[in-house]
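Have a look at the structure below before the remarks.
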Amino acid sequence: MRHNHLITPEGTRDLLYSECAMRRAAEKAVCKLFAAAGYSEVRTPELEFSDVFALDSEPIPLEQMYKLTDSKGRLLVLRPDSTMPIARMVATKLKSAARPLRLYYNQSCYRISKSLRGGSDQIRQVGIELIGPGGLRADIEVLRLAIEALSACTPQFKLEIGSAGIFKALIARLPVDEHRRAALLRAIESKNYAALTTELESIQSCTEANALAQLPRLFGGVDVLDRARKLFGGDNISEELRSQLDYLGQLYAALEELGLGDKISIDLGLVRNNDYYTGIVFAGYAQGSGLSVLGGGRYDSLLGQFGAPECACGFAINIDALVDSPETLINTPSAAPEILVVAGEGKELEAIRYIASLQREGHSAEFCVLDNIDDALRYAGERGIQRLDIVKDSVETILPGGDRR
């Protein structure tokens, strides 16, 4: 007996008319921007071997992946992420391609969401990867493109910038095991102050522990960096922490000089997966949406795990989260055509040729398959079609309200 034939699986949904049009428009706008910046499109398979995602840093737990086996019994997964398959592609098929290598993608990823969080298991991602160069110039390019991509879709957003190295430098000086380290990272990332306090209670008070306790609160403008310097030791701050903060200051100043200062802020509590990322990390938020609509960072150690070590930086936009934001303004064509073309008796082929001529002129026109004018008028009213063209020996046009010409 069938029980689930009228519903979609948890974490998925049907998309209708305007929802599809808005997503297509957002994808088109962002992909056009990437192509204009010199990025070339690539696609990876929906199915990948699970080994592609079995990294030392384990950014995606196996239990969050949709799994199946091939004819040889090998474990496959539905692609849960785009960056790692592209790293595989770069290390093999694009190993000899000229650097820097600029790639963009537009494809879906699949992850099993944690229960009760209401997340989507199917995520449409559009993103870029800049392979080869490291340093300030490359990071500025990636951050600038992230801001421009969000600007193409929504007027109200913020890009938060942090550094994976700050958490690493602080935690390295504390006597914590991997379990405690992961718990601290989760508490800081979610700004769960109660959980963070609990995790730090068993650690003797010191500069590093006190800094971790305050890390989620260190967000805002460039003054955050001065607050962090004092918190991290003042004149006795380590060279590693000093260089991380100075670098964020350089990035912030460069983006501000480009006129992007009102779109960015600093968040030192943005730690993400700290073993996967090696430098800057960043996240984009659209006004009115509680979800991150963009995420990325520098991951210079990833390609080395595929046998081809080199620098890399990139980001992915969650198209579904972005389009679902109430402040997103994307111009989409109406789902209804401009013109409904009705064929008179025996004039079907003439009507089809007439539709082709209208479309060549830039109009959207639909061939009416209904049997009479009354049904055609009713249908046009229901769809919001503003004009009927009736093809007989000549073309008669009916406008809204039944006016003829």
| In this structure, is Glu178 touching a residue at least 24 places away in the same chain (Cβ under 8 Å), open to solvent by 10 Å² or more (accessible area, probe 1.4 Å) and out of contact with any His (no Cβ under 6 Å at 6 or more places or on another chain)? | no
| Any idea which of Ala169, Ala91, Ala149, Ala87 is touching a residue at least 60 places away in the same chain (Cβ under 8 Å), open to solvent by less than 60 Å² (accessible area, probe 1.4 Å), within 27 Å of Asp223 (Cβ to Cβ) and not in a strand (DSSP E or B)? | Ala169
| field | Single residue of Arg43, Arg24 found to be open to solvent by 90 Å² or more (accessible area, probe 1.4 Å) and in a helix (DSSP H, G or I) | value | Arg24
| remark: Of the listed residues (Leu200, Leu241), the one being farther than 23 Å from Leu159 by Cα and either in contact with a helix residue (DSSP H, G or I) (Cβ under 9 Å, 6 or more places away or on another chain) or open to solvent by 40 Å² or more (accessible area, probe 1.4 Å) (or both) is Leu200
| query | Of the residues in segment 247-297, how many are open to solvent by 50 Å² or more (accessible area, probe 1.4 Å) and touching a Gly at 6+ places or on another chain (Cβ under 7 Å)? | reply | 1
| remark: Within segment 154-163, residues open to solvent by less than 10 Å² (accessible area, probe 1.4 Å) and under 14 Å from Phe315 (Cβ atoms) come out as Leu159, Ile161, Gly162
| field | Scan of segment 379-394 for residues that are of a type outside the set (Val, Ile, Thr), assigned to a loop (DSSP other than H, G, I, E, B) and more than 16 Å from Glu345 (Cα to Cα), ordered by number | value | Gly384, Gln386
| In this structure, does Leu55 turn out to be in a loop (DSSP other than H, G, I, E, B), open to solvent by less than 20 Å² (accessible area, probe 1.4 Å) and either at pLDDT 95 or above or of a type in the set (A, V, I, L, M) (or both)? | yes
| request: Return the total of residues in segment 203-238 being surrounded by 13 or more Cβ atoms within 10 Å (Cβ to Cβ), among the charged types (D, E, K, R) and without any contact (Cβ under 8 Å) to a residue 24 or more places away in the chain. | output: 2
| request: Would you point out the residue of segment 379-402, among those that are exposed (fewer than 12 other Cβ atoms within 10 Å of the Cβ) and of a type in the set (D, E, K, R), that is farthest from Ile355 (Cα to Cα)? | output: Glu382
| field | Residue ID - farthest from Gln122 (Cα to Cα), chosen from residues in segment 58-72 that are assigned to a loop (DSSP other than H, G, I, E, B) and either among the hydrophobic types (A, V, I, L, M, F, W, C) or open to solvent by 80 Å² or more (accessible area, probe 1.4 Å) (or both) | value | Lys72
| field | Checklist (1) over 18 Å from the mean Cα position of the chain (by Cα); (2) under 20 Å from Arg298 (Cα atoms); (3) crowded, with 16+ Cβ neighbours inside 10 Å applied to Arg186, failing item | value | (3)
| Matching residues in segment 100-140 - criterion: being open to solvent by 30 Å² or more (accessible area, probe 1.4 Å), over 27 Å from Ser50 (Cβ atoms), outside any loop (DSSP other than H, G, I, E, B) and touching a residue at least 24 places away in the same chain (Cβ under 8 Å) | Arg102, Leu136, Ile140
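The values are calculated or read from the model by the stated rules, or taken from the named source; none is laboratory data. Computed from a prediction, not measured in an experiment: that's the story for all the values here. Positions of Cβ are generated from backbone atoms using ideal geometry, with glycine treated the same way; all protein chains shown enter the neighbour counts. With ligands, DNA and RNA removed, areas are computed over all heavy atoms of the protein, side chains included. Shrake-Rupley method; radii C 1.70, N 1.55, O 1.52, S 1.80 Å.
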